[in-house]
Every structure is written in C-alpha cells, then in structure tokens.
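K.L.:
What follows is a structure written as structure tokens; I'll ask about it next.
Every number in this text was worked out from the coordinates using simple rules, so none of it is lab data. Remember, predicted model here, so these are calculated numbers, not experimental data. Backbone-built Cβ (ideal geometry, glycine too); neighbour counts: all protein chains shown.
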Amino acid sequence: MPSIEDIYEQAQQVVMTYTEAGLMVATAESCTGGLIAAALTDVAGSSAVLDRSFVTYSNAAKASMLGVSPDLMERVGAVSEEVALAMAQGALANSKAQVAIAVTGIAGPGGGTADKPVGTVWFGIKKTDGHSRAFKHLYEDQDRRSVRYLTVQTALNTLLKNRF
C-alpha cells in the first residue's frame, strides 16, 4: 500500500503540473469515496486545479449526479469500462474542468464475483478535447484500505500522464 507521503507527493505533482498548464480537474469517485479529491485538497493551491468532485457510491447517485444510464449499469454492471467512461463524461459535463477522472470498483471484502473479483477497479479519463480512455486494474490479494489507496495512487498517476 502506498504511504500517505507517497500519495501527497503525487498530489503535489498533479497540482503543480495542472496549475502551470492552466487546467482544472473533476473527479467522479465510487470505491474511493472522495479520497482522490481529498489527496488533491491536501495540497496548498489545489483550488486552482480541483473544480469539483462527485462521490457517487450508489448507482442512484451515478445516475442522478452524473447522468449514467441505469439501463447501462443494469446491463454491464457499475464496475465496468462503460460506466467508468460515463462517469468521467458526466463529471466533465457538470463542471468547468478540462479533465475528469472516474473510478468504480470492488474494494471488498465482499461483493466480488468470478468475472469481477475483489480488487477490480475501472478507471475512466475524459478530456474536453475529446480524448478518453478507460482501463482496468486488478489489485489482487489486497485488503479494502489497500485497494482504495492503490486506486488513488493510480488515479493521480493517470492524471499526470494524461494532462495534455
């Protein structure tokens, strides 16, 4: 599991890089429950970078706050490529940000299936220039806290790699 210091350093890099580029970020978080936004707001000056965060733990929240289709979630499941991208799109559409990152996953200890075991997390990133990307990460043999903090670390790294 990454240390608090590691996450703070990554968040500092995101804030510095995005501030210099004049870019703002929105987050759409399910399994992390707002930890990505919390990591960013630990950094002084983050108000220039973080426009807003949507904590959408339930499917109803994903639908009402981000416009994710309930039919889509019923068809493919909340933990899926399609929902991660739809969450990122909803965050972008409902903010002034140029970049949105979304995470949806199964932190455990329950809730996993053979197709989507505990530790499965989908990430979606969408930019106002039309670029979007989704990817899955499986944090195997990790406890709930570790899955959540590893997800934050991956999200921050993704923001750094996809800033322009």
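K.L.:
Working only within the range 20-53, note down all residues that are more than 15 Å from residue 156 (Cβ to Cβ) and without any contact (Cβ under 8 Å) to a residue 40 or more places away in the chain.
P.N.:
20, 22, 44, 45, 47, 48 - these are the residues of the range 20-53 that are more than 15 Å from residue 156 (Cβ to Cβ) and without any contact (Cβ under 8 Å) to a residue 40 or more places away in the chain.
K.L.:
Taking the residues in the range 134-151 that are in contact with a Pro (Cβ under 8 Å, 6 or more places away or on another chain) and part of a helix (DSSP H, G or I) as candidates, determine which candidate is surrounded by the fewest Cβ atoms within 10 Å (Cβ to Cβ). Reasoning before the result, please.
P.N.:
Of all residues in the range 134-151, those in contact with a Pro (Cβ under 8 Å, 6 or more places away or on another chain) come to 138, 140, 143-144, 149-150.
Next, only the ones that are part of a helix (DSSP H, G or I) stay: 144, 149-150.
Working: 144: 15, 149: 21, 150: 19.
Per the stated criteria, the residue is 144.
K.L.:
What pairs come out if I take residues in the range 130-142 that are within 22 Å of residue 92 (Cα to Cα) and pair them with residues that are assigned to a strand (DSSP E or B) whose C-beta lies under 6 Å away, six or more apart or interchain?
P.N.:
Short answer, once both residue conditions are applied: 132/126; 133/125; 134/124; 135/123; 136/122.
K.L.:
I need the full set of residues from the range 99-121 which are farther than 16 Å from residue 66 by Cα and touching a residue at least 40 places away in the same chain (Cβ under 8 Å), in order please. I'd like the intermediate steps shown before the answer.
P.N.:
Initial filter on the range 99-121 (farther than 16 Å from residue 66 by Cα): 105-121.
Residues satisfying the conditions are 105, 106, 107, 120, 121.
K.L.:
Let me ask something else. Here is a check on your reading of the model: is residue 96 touching a residue at least 60 places away in the same chain (Cβ under 8 Å) and among the charged types (D, E, K, R)?
P.N.:
Values: touching a residue at least 60 places away in the same chain (Cβ under 8 Å): yes; among the charged types (D, E, K, R): yes.
Spelling it out, residue 96 is indeed touching a residue at least 60 places away in the same chain (Cβ under 8 Å) and among the charged types (D, E, K, R).
K.L.:
Take the conditions of a type outside the set (Phe, Trp, Tyr) and either on the phi > 0 side of the Ramachandran plot or touching a helix residue (DSSP H, G or I) at 6+ places or on another chain (Cβ under 9 Å) (or both) and apply them to residue 160. Does it pass? Show your work before the answer.
P.N.:
Values: of a type outside the set (Phe, Trp, Tyr): yes; either on the phi > 0 side of the Ramachandran plot or touching a helix residue (DSSP H, G or I) at 6+ places or on another chain (Cβ under 9 Å) (or both): yes.
Yes; evaluated as a whole, the condition is true for this residue.
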